[in-house]
Amino acid sequence: MVKLFRSTVIDAPLADVWRLLRDFNGHHAWHPAISHSHIEDGKSADQIGAIRCFTLSDGGTVRERLLSLSDEDHSFTYEIVDCDLPISSYRARLELKPVTDSHQTYWMWSSSFETPPEQETEVMETVSRKIYEAGFQSIRDMLSNDISSVEHGTTGQTVNENVLEAKAMVASHFGGPEVFHERAMEISPPSPGQVRIRQHAIGVNYVDIYCRNGSFDLVDVPAVLGFEAAGEVDMVGDGVTGFHTGQRVAYACPPSGAYASIRNMNASLVVPLPEHVSLELAAGAFLKGMTAEILLHRVHRLQPGESALIYAAAGGVGHLLCQWAKHIGATVIGCTSRREKIGAAKQAGCHHVIVPGATSLVSQINEITDGQGVDVIFDGVGKDSFRNSVNSLRKGGHLVCYGESSGRVNNWGLEQPMPKSITISRPYFYDYIDTPETLKTVSGNLFEAIEKRIINIQVNHKFPLADVAKAHRLLEGRQSTGSIVLLSGQVAE
């Protein structure tokens with residue numbers, strides 16, 4: 001099964017983009033690959049089960065069925081009924097989210113399908129470039145004239161006096177830490193359902209590196225990166241309840257854009273901070289801490305007496321996993337990349353600390369466990385550790401692959417037999433906090449763990465926002481321990 005994900009940012013309000021995309025039979029008006037389209041059997045274009053039959057510009061024919069449509073989520077899903085391409089079991093999802101700066105729209109387009117192995121690369125390229133990328137660009141072009149006229153004041157609208165000047169660090173293109181440069185931005189008042197935040201502390205996480213180097217297709221460059229920050233509410237949009245000006249808040253979620261001094265965010269994605277959690281602590285702990293909570297209490301419900309191998313035990317997520325796992329009552333085995341990090345791993349609660357080297361990781365695990373292997377492994381390394389992890393599990397053990405700091409795991413699928421009947425999970429963090437209720441539960445458990453000193457957050461590295469490149473080099477070079485935060489100076493603790 002092939003899985004494809006593409007995303008972009010359209011420089012137009014969500015309502016304008018959704019107006020074009022919502023019409024399931026209107027794609028021939030904006031997509032260059034489609035010449036004509038009609039809905040079969042007289043059904044309406046937004047009726048679930050409606051089938052659109054359309055002709056491609058190259059003469060091919062495709063029939064697609066609408067499976068779901070949500071004006072609340074600004075999304076719809078559909079499947080191919082039949083087509084001339086070598087594709088089967090094709091199902092796709094299109095979803096829009098408001099970008100919190102400058103009233104832009106974040107557009108996600110994903111699909112899964114089957115195709116002959118020998119044609120997989122060609123088909124993926126066709127769908128990615130001729131369908132997704134071409135569609136992105138066409139919508140962008142259609143809306144650019146309207147946006148341009150607004151930017152140049154030709155609509156007769158007056159300049160809003162509540163617009164604020166902000167500084168942001170923009171990645172100009174995919175590459176190394178050198179791609180960052182500072183840019184001044186105007187941040188409009190929050191839209192309905194949003195809050196505007198003066199950000200003090202911004203978390204730096206490995207997902208930011210994946211976005212910067214292009215490994216994760218979550219942003220289109222140039223872009224403001226970052227998914228985690230803490231600050232004070234500056235302004236509340238219409239319809240927002242539970243927030244007020246001056247309130248201390250934090251978030252850790254898409255879309256990217258946290259590397260900025262001021263930002264608008266959907267209120268449903270923002271959490272008020274309790275008094276015992278400082279802004280810097282929140283920026284260093286919110287994403288990593290909720291990740292640890294999800295891994296230990298939802299992906300694998302760790303039990304007292306179980307043995308757990310935790311990679312990067314001195315790092316951001318690993319450091320928290322070790323502490324929390326020890327509190328639960330597990331036997332904690334930490335793995336570090338350098339011997340000088342052994343002390344930090346032991347302080348985090350590791351009963352054993354191993355450093356792969358002259359003696360392999362598997363051999364050290366077998367020695368500690370009398371050859372039985374461990375119950376669960378929390379692996380944020382990926383490609384370089386995968387085989388060692390598989391070989392270090394006991395019968396029926398659980399490998400949780402939650403990160404890919406060394407690269408993606410390739411050539412692994414369900415068709416390959418796994419030794420010892422092990423289970424392998426690849427959780428996606430945001431699926432576990434995709435509603436206000438789940439976000440409140442997970443963040444509440446994290447704040448309680450901090451207050452009860454179950455976990456001790458260490459913000460060991462602080463940089464000015466302008467020095468984000470230095471922060472990336474430190475993290476990518478595996479020189480850091482604990483959390484890294486950027487300080488914008490917008491708010492005083």
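The values are calculated or read from the model by the stated rules, or taken from the named source; none is laboratory data. All values derive from a computational prediction rather than experimental measurement. Every residue, glycine as well, gets a Cβ built from its backbone with ideal geometry; the counts of neighbours run over all protein chains shown.
For this structure, a couple of remarks:
- Test result for Asp208, in contact with a Leu (Cβ under 9 Å, 6 or more places away or on another chain) and either modelled with pLDDT under 90 or farther than 22 Å from Val459 by Cα (or both): no
- Filter result (in contact (Cβ under 8 Å) with a residue 60 or more places away in the chain and either among the aromatic types (Phe, Trp, Tyr) or surrounded by fewer than 19 Cβ atoms within 10 Å (Cβ to Cβ) (or both)) within the stretch 424-441: Ser425, Pro427, Phe429, Tyr430, Tyr432, Pro436, Lys440
- In the set Val221, Val240, only one residue is in a loop (DSSP other than H, G, I, E, B), touching a strand residue (DSSP E or B) at 6+ places or on another chain (Cβ under 9 Å) and more than 29 Å from His181 (Cα to Cα); that residue is Val240.
- Matching residues, the stretch 98-126, being of a type in the set (A, V, I, L, M) and either more than 15 Å from Ser88 (Cα to Cα) or over 23 Å from the mean Cα position of the chain (by Cα) (or both): Val99, Met108, Val123
- Any hit, the stretch 260-273, residues being among the basic types (Lys, Arg), within 24 Å of Ala171 (Cα to Cα) and touching a helix residue (DSSP H, G or I) at 6+ places or on another chain (Cβ under 6 Å): no
- Taken together, Arg52, Arg91 contain a single residue that is over 29 Å from the mean Cα position of the chain (by Cα), modelled with pLDDT of 90 or more and within 21 Å of Trp18 (Cα to Cα), which is Arg52.
- Annotation for the stretch 49-65: no member residue is under 29 Å from Ser191 (Cβ atoms) and either surrounded by fewer than 17 Cβ atoms within 10 Å (Cβ to Cβ) or assigned by TED's automatic domain parsing to the domain that holds Phe136 (or both).
- Residue among Arg339, Arg394, Arg387 that alone is touching a strand residue (DSSP E or B) at 6+ places or on another chain (Cβ under 9 Å) and over 26 Å from Ile450 (Cβ atoms): Arg394
- For the stretch 210-218, the count of residues that are crowded, with 23+ Cβ neighbours inside 10 Å and assigned to a strand (DSSP E or B) is zero.
- Scanning the stretch 68-123 for residues that are among the aliphatic types (A, V, I, L, M), surrounded by 20 or more Cβ atoms within 10 Å (Cβ to Cβ) and either in the same structural domain as Pro190 (by TED's automatic domain parsing) or over 17 Å from Phe5 (Cβ atoms) (or both) gives a single hit, Val99.
- Residue tally, condition part of a loop (DSSP other than H, G, I, E, B), closer than 30 Å to Gln199 by Cβ and either modelled with pLDDT of 90 or more or not acidic (Asp, Glu) (or both), over the stretch 98-138: 3
- Taken over the stretch 367-383, the criterion of being buried (at least 16 other Cβ atoms within 10 Å of the Cβ), over 10 Å from Arg394 (Cα atoms) and not β-branched (Val, Ile, Thr) is satisfied by Phe378, Asp379, Gly380, Gly382.
- Residue check for Leu321: within 22 Å of Phe386 (Cβ to Cβ), in a helix (DSSP H, G or I) and not small (Gly, Ala, Ser): yes
- Residues of the stretch 232-247 that are surrounded by 11 or more Cβ atoms within 10 Å (Cβ to Cβ) and in contact (Cβ under 8 Å) with a residue 40 or more places away in the chain: Glu232, Asp234, Met235, Val236, Gly237, Val240, Phe243.
- Selection of first residues in the stretch 14-29 that are not assigned by TED's automatic domain parsing to the domain that holds Gln47 and of second residues that are surrounded by fewer than 18 Cβ atoms within 10 Å (Cβ to Cβ) and modelled with pLDDT of 90 or more, restricted to Cβ pairs under 9 Å at least 6 apart or on distinct chains, gives an empty result.
- Residues of the stretch 179-206 classified as part of a strand (DSSP E or B) and more than 22 Å from Val221 (Cα to Cα), total: 8
- Number of the condition not met by Asn145 [criteria: (1) within 30 Å of His200 (Cα to Cα); (2) modelled with pLDDT under 90; (3) not in a strand (DSSP E or B)]: (1)
- Taking residues in the stretch 358-369 that are of a type in the set (Ser, Thr, Tyr), and partners anywhere that are assigned to a helix (DSSP H, G or I), the pairs with Cβ atoms closer than 8 Å and at least 6 places apart or on different chains are Ser360/Asn388.
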